[in-house]
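S.K.: One structure follows; several queries about it will come next.
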Amino acid sequence: MARHRGRGFAAINYPIGMNLGGDPSQALVHANPDGKFTVALSSIDLGQGMKSVTRQIAAETLGVPVEDVWVDTADSDTGPHCMGSFASRGTHRVGNAVIAAAREARAVLLEAAAEELEVDAGDLVTDGRGNIHVRGAPARAITTMAAAQAAQFRQGRTVSGRGIFLIPLSPVDPETGEMTPVSCFAHAAMMVEVEVDDETGEVGVTDMQSAYEVGRALNPRLVGQQLTGGAWMGMSHALWETTEPFYPDRAHRPVDFSAYLMPGPGDLSSHHISILERPAPDGPYGAKGPGEMCANPVLPAVANAIWDAVGVRVDDLPITPEKVLRGLRAQGGARPRRRG
Amino acid sequence: MALKPVALTLNGSERAAFTEDGENLLDFLRRRLGDLSPKFGCGQGACGACTVLLDGAPVLACLILAETAAGRRIETAAGLAGAALHPLQRAFVEGFAAQCGYCTPGMLMAAVALLRANPRPTREEVVAAIGGNLCRCTGYEPIIAAVLDAAGHMERRA
């Protein structure tokens, strides 16, 4: 009886957004009387950082400090429509909608400022610190707050913008199946090391080395957080999480957290992550979506590592000790693939 | 059903409310005293989201009858911050140790209890202290790092 070490590799192409497209998201941006901006979305932030990233995108596009932007995702009944927070689509789809809305609002803001400064709006630039000034002449300036208030109280303008991002639903040729499934791919590659106990069938992931290509990482800390947690979830899907088996019948299936197993803080693997940035042509400031693809390469890499370690090929997830032991028994024991 | 008064100390304040037979401490804190920081996760002591300190010791509020807390000292995540965030809270923020945030109050209280008893924990001791708290988002590593980071800060300040 022994513990066998194995190494496995996997690489993925991960499509951003709904397959075939047809998944719009909208954004509305408006200035408030205090010169700050509200971005209204129905895109829900469930901890992945949607509000932070759309806030950054709006501030960058408007040309105002990020502190001057508030993202409101409070109510999907009254907010502009969004297809949802899934398919790793939030940053890409919603971000593009926010850019469109913020551009429209920025144009009105500059028109309002131009009227106050008695210049052409085309000659105005923002400094990102709350000021609008004539290009090359920083002294001829007005604050974004003053411009927004002039629009509101003197000029009677709404400093606001509408945005939608839609990749139209791709037709599928009924004869050939030809289609355009996706406009934007993220990529990842991962090497994992495992230890397989040929007596208990237990598999432990001992190390992960990964490279994730995410377009531009708009918020590198959030991307890193997502990749760290998501890869853990991939490890969990690979080896732990299931509502099966149930012996002798379904009535005995796990129904709560005490029987639904996930790796705890004592079951972690070291994980070195390299984030590669290759800005996407159709992404907001080049961003793709790190949402789900962080978990995806872990599963095939773990399966390959187990095969490498003991020669058991399990193609049914998760790879529980029971499945490993059945595989070992079927082939008469461990057969490490590596020699020497 | 008979209502019974329960008085206890919550985050340093004397508080009292009526409880029903069989009501657990978690429901009592949330519904009767309005402290929403301890979370309901599983209701059976499997997830740690409801972790609070009872006379300084971490307990699962969903498994404690409210009546048994009468006259005792309860601490929750809502009482951690004074004028500034507690060093653990600050370390969680700076270390991106929360995503959806649902496990965070329980994680914080488990960590508070650890650092009071053991101001210089090893990584293994941190893992053991939060071993009963489930997190779905972070993969635990940022939480472990934040607790160790806070321990370092608290020791340098002491």
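The values are calculated or read from the model by the stated rules, or taken from the named source; none is laboratory data. A quick note: this is a predicted structure, and the numbers were derived from the prediction, not measured. As a convention, Cβ positions derive from the backbone with ideal geometry for all residues, glycine included, and neighbour counts pool all protein chains shown. When the accessible area is computed, the model is the full protein with side chains, heavy atoms only, and any ligands, DNA or RNA have been set aside. Shrake-Rupley method; radii C 1.70, N 1.55, O 1.52, S 1.80 Å.
S.K.: Considering the Cα positions of region B:3-79, please state its Rg to one decimal place and its Dmax as a whole number of Å.
M.R.: Answer for region B:3-79, Rg first and Dmax second: 10.9, 30 Å.
S.K.: Follow-up. Over chain A, give the accessible area per residue in Å² for a 1.4 Å probe, as an integer.
M.R.: Ligands and nucleic acids excluded, the result is 48 Å² per residue.
S.K.: Follow-up question, since we're still on this one. How many angstrom separate the Cα center of region A:211-233 from the Cα center of region A:252-326?
M.R.: Rounded to whole Å, the Cα centres lie 14 Å apart.
S.K.: Report the local net charge at A:Ala301: Lys and Arg +1, Asp and Glu -1, summed over other residues whose C-beta lies under 13 Å from its C-beta.
M.R.: Here the count lands on -2.
S.K.: Picking from A:Phe153, A:Val94, A:Val69, whose Cα lies most toward the positive end of the charge dipole for region A:65-173 (charges on Cβ: Lys, Arg +1; Asp, Glu -1)?
M.R.: Of the options given, the answer is A:Val94.
S.K.: Given Cα pairs under 8 Å that are at least 6 residues apart, what percent is the relative contact order of chain B?
M.R.: It comes to 22 percent, rounded to a whole number.
S.K.: Around B:Glu155, with a cut-off of 15 angstrom between Cβ atoms, what is the net charge of the other residues, counting Lys and Arg +1 and Asp and Glu -1?
M.R.: Its environment carries a net charge of +3.
S.K.: Need one number: the % of Cα-Cα pairs in chain A sitting beyond the 24 Å mark.
M.R.: 64
S.K.: A follow-up question, please. Per-residue mean of other chain beta-carbon atoms within 10 angstrom of the beta-carbon, peptide A:255-268?
M.R.: Average neighbour count from other chains, rounded to a whole number: 5.
S.K.: Right, here's the next one. Give me the net charge for the shell around A:Arg3: Cβ to Cβ below 11 angstrom, other residues only, Lys and Arg +1, Asp and Glu -1.
M.R.: Around A:Arg3, the surrounding residues sum to -4.
S.K.: Can you pull the percent of Cα pairs in chain B with separation above 28 Å?
M.R.: Here the tail beyond 28 Å accounts for 19 percent of pairs.
S.K.: Cα-based Rg (one decimal) and Dmax (whole number) for region B:87-157, in Å?
M.R.: For region B:87-157, the Cα radius of gyration and maximum Cα-Cα distance read 10.7, 32 Å.
S.K.: Taking Cα atoms, how many degrees apart are the long axis of helix A:220-239 and the longest axis of chain A, rounded to 10 and kept between 0 and 90?
M.R.: Helix A:220-239 sits at roughly 30 degrees to that axis.
S.K.: What is the mean number of Cβ atoms from other protein chains located within 10 Å of the Cβ atom of each residue in peptide B:87-99, rounded to a whole number?
M.R.: 2
S.K.: Which value, in debye to the nearest 20, gives the size of the charge dipole of the protein assembly as shown about its Cα centre, when Lys and Arg are +1 and Asp and Glu are -1 at the Cβ?
M.R.: 800
S.K.: Have a look at B:Cys42, B:Leu115, B:Gly82 and report the one farthest towards the positive end of the charge dipole of region B:1-128, computed about the Cα centre with Cβ charges (Lys/Arg +1, Asp/Glu -1).
M.R.: B:Gly82
S.K.: Using only the alpha-carbon atoms of region A:57-178, report the extent along each of the three principal axes, biggest first, to the nearest angstrom.
M.R.: Taking max minus min along each principal axis of the Cα atoms, region A:57-178 gives 63, 32, 25 Å.
S.K.: Please identify every one of the GluC sites (Glu not before Pro) in region B:119-158 that sits in a loop by DSSP and has no more than 13 other beta carbons within 10 Å of its own beta carbon.
M.R.: Of the GluC sites (Glu not before Pro), not one in the loops of region B:119-158 has a Cβ with at most 13 other Cβ atoms within 10 Å.
S.K.: How large a share of the accessible area of region A:141-213, in percent, is made up of carbon and sulfur atoms when the probe is 1.4 Å and the other protein chains stay in place?
M.R.: Roughly 56 percent of what the probe reaches on region A:141-213 is carbon or sulfur.
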